[in-house]
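Trainee: Sharing a structure below in structure tokens format, with a few things to ask.
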Amino acid sequence: MTWCRSTATRPALLAASLLILGGCAGMYEATGTASQQDMLQLRTDLNSLQVSAQRTRAEIDAALAQMDRRLGEQTADTSKQLAALAARLETLSGDVTALSARADEMNQRLEALRKAAGRSAPAAAAPTAPSSPPAVPSPPPSAQAPAGPRPTTGTLLPEDVYQAAYIDFSKGTYTLAMNGFRDFLRRFPDHKLADNAQYWIGESHLALAHSYTNAGQDDKATQELEEAVREFRRVITNYPRGEKVPTAIYKEALALLDLKKPVEARARLQYLIDNFPRAEETPLARDRLTALKDKP
């Protein structure tokens, strides 16, 4: 009886064991399949992230390159603009310099006219000797263009022609000055400034002679000194009553000394002392004559 129970129970136990084992195997298979799907999904997501990261990096690189290019273009444009502004500034500086020079010239002319307007007619006509001119002389009151009504047409007054020539002399453009003074004498030979114009021609030659001497061009200096002597003598010959005569005689003597002609220079200095004792150049002539006599 007992054996029969044991025999009958064994198949049941075996079946139960098989069922349990089958259930465990099913659970294993189900768990293993789920893990593989998750891994595949993770790999897919990772690949997508990598692709997205690469795409983003490419976009960033492109954006940076574009920014660099634009920055370079902006820098080039800025450089061009700065260069253009610098050129414009230089042009404006030149214009300002030219205008300033022109303004100075006009101020000098207006000042001369203003001074001329303030002197009286008798003082202008008096034959008293002018002051001794310096190395680059300035015109005495009578040498400046007197004030007067300006023409309403394009015609220049004699004073305008004279003043333009004197401005050239003041600037050191002696050849232009001589041409201007000669033009004045040709057009207005009887004008009251004619003796002044003739005198400044001689001064222009004397100034050129000194320039050539300083440059070591002795031949040209000698030629200009000889021309100066001739032009100063024309002041005395053509305008014997002119106020520039004493100054012209004194300057002629100086030119003769530079030409190494002391005998002629002494004669001219003595002539100045004898005939113009009250001239301002006379004391200078005495000093020069004394110095020449003291030389052996």
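Trainee: Among Ala194, Ala215, Ala164, which is the only one that is in the same structural domain as Leu272 (by TED's automatic domain parsing) and either touching a residue at least 24 places away in the same chain (Cβ under 8 Å) or touching a Ser or Thr at 6+ places or on another chain (Cβ under 9 Å) (or both)?
Mentor: Ala194
Trainee: Further, regarding this structure: Just wondering, is there one or more residues in the stretch 201-212 that are among the small types (Gly, Ala, Ser), surrounded by fewer than 16 Cβ atoms within 10 Å (Cβ to Cβ) and either outside the structural domain of Glu280 (by TED's automatic domain parsing) or out of contact with any Phe, Trp or Tyr (no Cβ under 7 Å at 6 or more places or on another chain) (or both)?
Mentor: Within the stretch 201-212, the first condition is being among the small types (Gly, Ala, Ser), and the residues that meet it are 202, 204, 207, 209, 211.
Remaining after also requiring surrounded by fewer than 16 Cβ atoms within 10 Å (Cβ to Cβ): 211.
Okay, now just the ones that are also either outside the structural domain of Glu280 (by TED's automatic domain parsing) or out of contact with any Phe, Trp or Tyr (no Cβ under 7 Å at 6 or more places or on another chain) (or both), so 211.
Yes, some residue in the stretch 201-212 is among the small types (Gly, Ala, Ser), surrounded by fewer than 16 Cβ atoms within 10 Å (Cβ to Cβ) and either outside the structural domain of Glu280 (by TED's automatic domain parsing) or out of contact with any Phe, Trp or Tyr (no Cβ under 7 Å at 6 or more places or on another chain) (or both).
Trainee: Let me ask another. For the stretch 174-183, how many residues meet the condition of being more than 22 Å from Ile249 (Cβ to Cβ) and touching a helix residue (DSSP H, G or I) at 6+ places or on another chain (Cβ under 7 Å)?
Mentor: Step one: of the stretch 174-183, the residues more than 22 Å from Ile249 (Cβ to Cβ) are 175-176, 179-180, 183.
Adding the requirement that they be touching a helix residue (DSSP H, G or I) at 6+ places or on another chain (Cβ under 7 Å) leaves 176, 180, 183.
Here the count works out to 3.
Trainee: Moving to a separate point now. Restricting attention to the stretch 234-267, and to residues there that are farther than 23 Å from Leu185 by Cβ and not hydrophobic (A, V, I, L, M, F, W, C), which single residue is surrounded by the fewest Cβ atoms within 10 Å (Cβ to Cβ)?
Mentor: That would be Lys260.
Trainee: Of all residues in the stretch 236-257, which are farther than 13 Å from Glu203 by Cα and of a type in the set (Ser, Thr, Tyr)?
Mentor: Residues satisfying the conditions are Thr237, Tyr239.
Trainee: Still on this structure, I have one more. In this structure, does Lys171 turn out to be within 34 Å of the chain's Cα centre (by Cα), surrounded by fewer than 22 Cβ atoms within 10 Å (Cβ to Cβ) and of a type in the set (D, E, K, R)? Reasoning before the result, please.
Mentor: Values: within 34 Å of the chain's Cα centre (by Cα): yes; surrounded by fewer than 22 Cβ atoms within 10 Å (Cβ to Cβ): yes; of a type in the set (D, E, K, R): yes.
The answer is yes for Lys171.
Trainee: Quick one: Glu243 ticks every box in (1) touching a residue at least 24 places away in the same chain (Cβ under 8 Å); (2) acidic (Asp, Glu); (3) not in a loop (DSSP other than H, G, I, E, B) bar one, so which box is it?
Mentor: Condition not satisfied by Glu243: (3).
Trainee: If you don't mind, there's one more thing I want to ask. Would you be able to say whether some residue in the stretch 218-233 is basic (Lys, Arg), part of a helix (DSSP H, G or I), under 25 Å from Pro189 (Cβ atoms) and more than 42 Å from the chain's Cα centre (by Cα)? Show your work before the answer.
Mentor: Here is the first cut: in the stretch 218-233, the residues basic (Lys, Arg) are 220, 230, 233.
Those still in the list that are part of a helix (DSSP H, G or I) too: 220, 230, 233.
Subset that is under 25 Å from Pro189 (Cβ atoms): 230, 233.
Add one more test, that the residue is more than 42 Å from the chain's Cα centre (by Cα), and what stays is 233.
Yes: one or more hits.
The values are calculated or read from the model by the stated rules, or taken from the named source; none is laboratory data. Bear in mind that the values here come from a model prediction, so they are computed numbers and not experimental data. A quick note on method: Cβ atoms are made from the backbone with ideal geometry, for glycine too, and the neighbour counts reach across all protein chains shown.
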